[in-house]
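Structure first, then comments.
The values are calculated or read from the model by the stated rules, or taken from the named source; none is laboratory data. As the structure is a computational prediction, the values presented were derived from the model and not from experiment. A quick note on method: Cβ atoms are made from the backbone with ideal geometry, for glycine too, and the neighbour counts reach across all protein chains shown. The accessibility values were calculated without ligands, DNA or RNA, using every heavy atom of the protein model including side chains. Shrake-Rupley method; radii C 1.70, N 1.55, O 1.52, S 1.80 Å.
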Amino acid sequence: PPFKVSVMDLSLSQIEHNRQIPHSYSPFTNHSPAISTLETTTILSRLTRKTAAAGVLSVSVIILTALFVSFSQSTFVAAASSNAMFQPSLRTSFTRLNRILPSSSSPGKLFSRRSSNMLQPNVIMDKKNIVEQDRMVMEYPRFRSLVGGTPLVDITNLANPKVEGTRILAKCEFMNPGYSIKDRIVCHILEQAENKGLLTPGMTIVAASSGNTGASTAMIASMKGYKSIIITSPKCSIEKQDAIRAYGAELIVTASGLKPDDPEHYMNMEHTLCERNPETYFGINQYDNQLNPLAHYQTLGPEIWSQTDGTITHFVAAGSTGGTLSGTARYLKERSGGDVRVIMADPIGSVFYDYFKTGVLKKPGSFEVEGVGKENIPGAMDFGMIDDAIRVSDSDAFKMCHTMAREEGILAGGSGGLNVFAASKLAEQLDEPATIVTILPDSGIKYLSKIYNKEWLKGIDVHLQEGE
């Protein structure tokens, strides 16, 4: 029933008025409602029921919220705990959840705090079998697991493209653990050999190399617990030789000036050693091993395609074993339906350019760029994947290295300078916008005594301009 309002008699004092209205709502209001005892009881009963209903509703909301938090937390843990990348943010989320869930020590709380180990998505036993209950124990990658996934950077600023819209992108392979692209093939070859039982504990790994494959082999062999023997030529920089020894490998440097068919040539010594020790030596055989191009087909090609979102139009790379060029080119051509054009960069003096153009194997010349070009044709090279070729001199390759260092802050090896120079020449020739991708195979740190030493450059008749 509606409230009955009592109008105050102005002749009475406030106190007297309130005394005459025993059921007034408040003694401090001028207009106090006056209701009967029955009405008061009815209203209080209704208010009690409504308050009780509201209390039950509030409790229900709290319970449902807690259950939702618990379910969401367990679902999130199951989804994210398997991925170490999410675990730092995961720990922060758990800290916030613990603040939301009240502690059992707090009076009047409905729920006790969940035990700390329930909030740990990846509790790990340490070497003493002690479980870390109060903090997240992170799983970190081993260094050897960082091979691949290198960045693709824009270096168009180093060229003068003929048409606007042409871009030159460089794959920074010097950011692999061994500072070169060769980490990819060595990892793949050794893993396949172990899986097939061709490489077993106690064996020695042997690799003939111009330097980078040798360094990668020495590094990964040590990581896996194998001994290694690396054979190279005197052309190999002192930095690469020292790195090979630092990884614990035995290094053999052959005599200079040997013909490709000489048994003592560094490319032939690997086969000789493995034939003499068939039960204890395993050879990488990078020049003829088809696992070499396959490694790039399965890793480098897909990375480039993904990083360019399939917009790549041209792939520029020099050849040595032929693995990078052949394997990557095959993948890109397959994915693009044959639209990606592949350009081989080749140092003047290498036999590849003439062989590609004429099919004739001519007498090789001399050149100083390491790790690319050859004086014979390796079995891993597939010329059927190549659409065109560009020749590059030592001088142009090394000058481009200095230009990259000064203008882009990229300290690349000579093969990277050769590739970028060829890519820039291609950009100057194309009549339509293009996305050109090339490779920076290794780091300039490996050549400080040569490419980045002006006295050494003068000795091979390479003269830098003022400021270079």
* **Qualifying residue in the range 304-317 (condition: closer than 13 Å to residue 383 by Cα, among the small types (Gly, Ala, Ser) and free of Cβ contacts under 8 Å to residues at least 12 places away in the same chain)** => no
* **residue 324 vs. criteria in contact with a Gly (Cβ under 9 Å, 6 or more places away or on another chain), buried (at least 18 other Cβ atoms within 10 Å of the Cβ) and either of a type in the set (S, T, N, Q) or more than 30 Å from residue 193 (Cα to Cα) (or both)** => no
* Asked: What are the residues in the range 405-436 that are part of a loop (DSSP other than H, G, I, E, B), open to solvent by 10 Å² or more (accessible area, probe 1.4 Å) and within 24 Å of residue 301 (Cβ to Cβ), if any?
  -> 410, 430, 432, 433
* Residue list for the range 327-345, restricted to those being farther than 19 Å from residue 182 by Cβ, touching a residue at least 40 places away in the same chain (Cβ under 8 Å) and open to solvent by less than 30 Å² (accessible area, probe 1.4 Å) -> 342, 343
* Asked: Right, residue 362: among the basic types (Lys, Arg), surrounded by 15 or more Cβ atoms within 10 Å (Cβ to Cβ) and assigned to a loop (DSSP other than H, G, I, E, B) or not?
  -> no
* Whichever residue in the range 149-159 is open to solvent by 20 Å² or more (accessible area, probe 1.4 Å) and under 28 Å from residue 289 (Cβ atoms) and, among such residues, is nearest to the chain's Cα centre (by Cα) -> 149
* Selected residue (only one of 340, 351 is among the β-branched types (Val, Ile, Thr) and in contact with a Phe, Trp or Tyr (Cβ under 8 Å, 6 or more places away or on another chain)) -> 340
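Yes/no per residue for (1) on the phi > 0 side of the Ramachandran plot; (2) in contact with a Lys or Arg (Cβ under 9 Å, 6 or more places away or on another chain); (3) in a loop (DSSP other than H, G, I, E, B); (4) hydrophobic (A, V, I, L, M, F, W, C):
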{"site": "366", "(1), (2), (3), (4)": "no, no, yes, no"}
{"site": "369", "(1), (2), (3), (4)": "no, no, yes, yes"}
{"site": "374", "(1), (2), (3), (4)": "no, no, yes, no"}
{"site": "389", "(1), (2), (3), (4)": "no, yes, no, yes"}
{"site": "397", "(1), (2), (3), (4)": "no, no, no, yes"}
{"site": "403", "(1), (2), (3), (4)": "no, no, no, no"}
{"site": "438", "(1), (2), (3), (4)": "no, yes, no, no"}
{"site": "446", "(1), (2), (3), (4)": "no, yes, no, no"}
{"site": "457", "(1), (2), (3), (4)": "no, yes, no, yes"}
* Being assigned to a strand (DSSP E or B) and open to solvent by 10 Å² or more (accessible area, probe 1.4 Å) is the filter; apply it to the range 160-169 and report the residue that is farthest from residue 213 (Cα to Cα). => 167
* Quick one: count up the residues across the range 270-285 that are touching a Gly at 6+ places or on another chain (Cβ under 8 Å) and open to solvent by less than 40 Å² (accessible area, probe 1.4 Å). => 3
* strands (runs of 3 or more DSSP E) completely within the range 170-269 that count 3 or more residues being buried (at least 18 other Cβ atoms within 10 Å of the Cβ) and modelled with pLDDT of 95 or more -> 204-208, 227-232
